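Heads up: the structure comes next, in structure tokens.
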Amino acid sequence: MSDLERWQALKDGEKSALEQIYRDHAAVLFKYGRKFIPDAQLVEDCIQDLFIELWEARQRVSATDSIRKYLFVSLRRKIVKTLDRQVKKIASEEPEERHFQADFGIDQLLIQGELDAERDAKLKVAMAALSERQREVLYLKYFADMDYTQIGEIMELNYQSARNLSHRALEALRQILLALFIVWLCNFFRLL
Amino acid sequence: MKPETFTSYSALDFAQEPSFIRWVRAGDEEAAVFWQNWLDQHPEKASAVAEGRKLAQALSVREEEPSEAVLNALWNRIDLATSIAKEPLVQTTPAVAPTSLREAKIRPLRRWLSYAAAACVTLLLVALLYNPTERVSAGIGQKLTHQLPDGSSVAINAASSISYHPWRWRFTRQVELEGEAFFQVTKGSRFVVKAVQGQVEVLGTSFNVRARGNSFAVSCVTGKVRVSNPKGAQILTPGLITQTNENGDLVTPYTIDNQPSGAWRDGKFYFTQTPLEEVFAEIQRQFEVQIQTTPEIARRKVTTYFEGSNIDTALFNVCWPLRLETSTRGDLILIK
């Protein structure tokens, strides 16, 4: 069943469609939400509200070709609202500041040898060079399987901005890989 | 997919191409076939593709997979919530079909009304909660007279303070007191003086309250005064005094002829059967001096009197009849 058909079934009031949508996307949504809010319980609450509201508003929701994108957009908005509320509660600091914290690593296969503690620390420092928005775009691209139109909608960017952001993020990643390679080379020669 | 556009791709472009990502990261078969074929036709792009692969492959993320139990529990909650919401919807839809139009018209109005109500409640809350406190304190060696919003006046003795809420004064006449003060209350609703040690309620009268440390004493000059503390209450009529004894009880009201209430306002201080330490404490507050004495002397109960104009005379008045010797060392006065 395609996304369009499943969405139509939901709009027709089929509860099984809601459940299937949940089963297909809940885990991915959960992992994405945890990047903004470390508190798992709070993420669960957001997802719960999201699905309840989706069901209550099913007759009014617009058609979508990507259910996952629709859910990501909704969840992100919900999280931003929740965080703003929290931030305002704590102090009226800039509510624009959102934190996307993906604990990125570099695939083991690419860095020859084991990841010792020293190298792990270096990698962490290198990864800090990625901005939070760059992290998010990379995450959506490589772990949530989104294209630029979808990324743009989720991150509230136009297509070109989404592309540019992704390009800069990858450029930064390439620098990191290069730096890691140099570190590796140095270690290699020191061992000799 | 348009194979010709890929010829201009750099490693970065490849790493961002969805089908390329599917090939590298997910091992998608359809994508794999396509890219193998494409590479065969464009061997000159082999290095760019290799770097693109590396980039697309590079990232890994450490994240916690939600457990099956958590996901199932969450679904059960959603299922429950959406089932409850469904029932009234199904029941009312057929019957209310004609009124839904009317409902749609009412809704914006009702929404505005609810906004207005919310605004009113907020304003009211702000007015109630925003409650500035007026605080008047007299320092050591100082005496103040303060006029309350209703015209009542308070004379505040040295090292004492009162506080009250001017905004709420209209509804509750209530003053919090630390130390000693003489109140002249204009007639009106209940007037309350609260101290840590107890409280005094009147309608309109003048009276003196002394709330210092363990001692709590109230004397009535005119009108009627109700004095209470956690252990009990006493009613005072003009000329009567009550105070707390060693057990914290308010003693039966008694009269002292030679001790006019609130005489301290004229700089006259009377004490009847009062421990000397209280007398010395008053001298310290009035003259900004330190007095040191032995515990036995401090506990002695005396009936005495001093005037607030001169420290030497005051000390002489208190100490000479008791045959106590005074010696001065700067600000410190030793009494033996």
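The values are calculated or read from the model by the stated rules, or taken from the named source; none is laboratory data. Note that the coordinates shown come from a computational prediction; the quantities given were computed from them, not determined experimentally. Note: ideal-geometry Cβ built from the backbone for every residue, glycine included; neighbour counts use all protein chains shown.
Looking only at the range B:115-144, count every residue that is modelled with pLDDT of 80 or more and either assigned to a loop (DSSP other than H, G, I, E, B) or over 30 Å from B:ALA263 (Cα atoms) (or both) and tell me the total. Before the answer, list the steps.
Step one: of the range B:115-144, the residues modelled with pLDDT of 80 or more are B:115-124, B:133-144.
With the extra rule that they be either assigned to a loop (DSSP other than H, G, I, E, B) or over 30 Å from B:ALA263 (Cα atoms) (or both), the set shrinks to B:115-124, B:133, B:139-143.
Qualifying residue count for the region: 16.
Can you tell me how many residues in the range B:57-87 are small (Gly, Ala, Ser), part of a helix (DSSP H, G or I) and either over 30 Å from B:GLY27 (Cα atoms) or at the interface with chain A (Cβ under 7 Å from one of its Cβ atoms) (or both)? So that I can check it myself, show each step before the final result.
As a first pass, look at the range B:57-87 and keep what is small (Gly, Ala, Ser): B:58, B:60, B:67, B:69, B:73, B:81, B:83, B:85.
Still in the list and also part of a helix (DSSP H, G or I): B:58, B:69, B:73, B:81, B:83, B:85.
Applying the additional criterion that residues be either over 30 Å from B:GLY27 (Cα atoms) or at the interface with chain A (Cβ under 7 Å from one of its Cβ atoms) (or both) yields B:58, B:73, B:81, B:83, B:85.
Final tally of qualifying residues: 5.
When you scan the range A:169-192, do you find a residue that is within 12 Å of chain B (Cβ to nearest Cβ), more than 20 Å from B:GLY52 (Cβ to Cβ) and under 17 Å from the mean Cα position of the chain (by Cα), even just one?
As a first pass, look at the range A:169-192 and keep what is within 12 Å of chain B (Cβ to nearest Cβ): A:169-178, A:180-181.
Then keep just the ones that are more than 20 Å from B:GLY52 (Cβ to Cβ); that gives none.
No, the range A:169-192 has no match at all.
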task: Test each condition in (1) under 20 Å from the mean Cα position of the chain (by Cα); (2) of a type outside the set (A, V, I, L, M, F, W, C); (3) within 11 Å of chain B (Cβ to nearest Cβ) for A:LYS69 and report the one that comes out false.
output: (3)
statement: Expected output for the range A:140-154 (first residue within 11 Å of chain B (Cβ to nearest Cβ), partner crowded, with 19+ Cβ neighbours inside 10 Å and outside any helix (DSSP H, G or I), Cβ below 7 Å, 6+ apart or cross-chain) is A:TYR142/B:LEU59
- request: Please specify each residue of the range B:145-169 satisfying the condition of being under 18 Å from B:LYS194 (Cβ atoms) and in a loop (DSSP other than H, G, I, E, B).
  value: B:LEU148, B:PRO149, B:ASP150, B:SER152, B:ASN157, B:HIS165, B:TRP169
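When you look at B:PHE316, is it within 24 Å of B:ASN208 (Cα to Cα) and either touching a strand residue (DSSP E or B) at 6+ places or on another chain (Cβ under 8 Å) or modelled with pLDDT under 85 (or both), yes or no? Steps first, answer last, please.
Working: within 24 Å of B:ASN208 (Cα to Cα): no; either touching a strand residue (DSSP E or B) at 6+ places or on another chain (Cβ under 8 Å) or modelled with pLDDT under 85 (or both): yes.
For B:PHE316, the condition - within 24 Å of B:ASN208 (Cα to Cα) and either touching a strand residue (DSSP E or B) at 6+ places or on another chain (Cβ under 8 Å) or modelled with pLDDT under 85 (or both) - is not met.
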query: Can you name the condition, by its number, that B:ILE235 falls short on among (1) in a strand (DSSP E or B); (2) surrounded by 15 or more Cβ atoms within 10 Å (Cβ to Cβ)?
result: (2)
statement: Among the residues of the range B:291-308, the number that are surrounded by 12 or more Cβ atoms within 10 Å (Cβ to Cβ) and in a helix (DSSP H, G or I) is 2
- line: Scanning the range A:155-164 residue by residue, those within 11 Å of chain B (Cβ to nearest Cβ) and charged (D, E, K, R) turn out to be A:ARG163
message: Can you confirm whether B:GLY262 is outside the structural domain of B:GLU325 (by TED's automatic domain parsing), at pLDDT below 80, under 35 Å from the mean Cα position of the chain (by Cα) and of a type outside the set (Val, Ile, Thr)?
response: yes
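Take the residues in the range A:19-52 that are touching a residue at least 60 places away in the same chain (Cβ under 8 Å) and within 9 Å of another protein chain (Cβ to nearest Cβ); name whichever of them is surrounded by the fewest Cβ atoms within 10 Å (Cβ to Cβ). I'd like the intermediate steps shown before the answer.
We begin by selecting, within the range A:19-52, every residue touching a residue at least 60 places away in the same chain (Cβ under 8 Å); these are A:28, A:31-32, A:35-36, A:38.
Cutting the leftovers down to within 9 Å of another protein chain (Cβ to nearest Cβ) gives us A:31, A:35.
Working: A:LYS31: 19, A:LYS35: 21.
The extreme case among them is A:LYS31.
Among the residues of the range B:7-18, write down those that are surrounded by fewer than 16 Cβ atoms within 10 Å (Cβ to Cβ) and within 15 Å of B:ALA56 (Cβ to Cβ).
Taking the range B:7-18 as the starting set, the residues that turn out to be surrounded by fewer than 16 Cβ atoms within 10 Å (Cβ to Cβ) are B:7-8, B:10, B:18.
Across the range B:7-18, the qualifying residues are B:SER10, B:PRO18.
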- request: State whether the residues of the range B:6-22 include one that is part of a helix (DSSP H, G or I), out of contact with any helix residue (DSSP H, G or I) (no Cβ under 9 Å at 6 or more places or on another chain) and more than 8 Å from chain A (Cβ to nearest Cβ).
  value: yes
field: Residue among B:PRO275, B:PRO321 that is touching a Lys or Arg at 6+ places or on another chain (Cβ under 9 Å) and over 16 Å from B:GLY141 (Cα atoms)
entry: B:PRO275
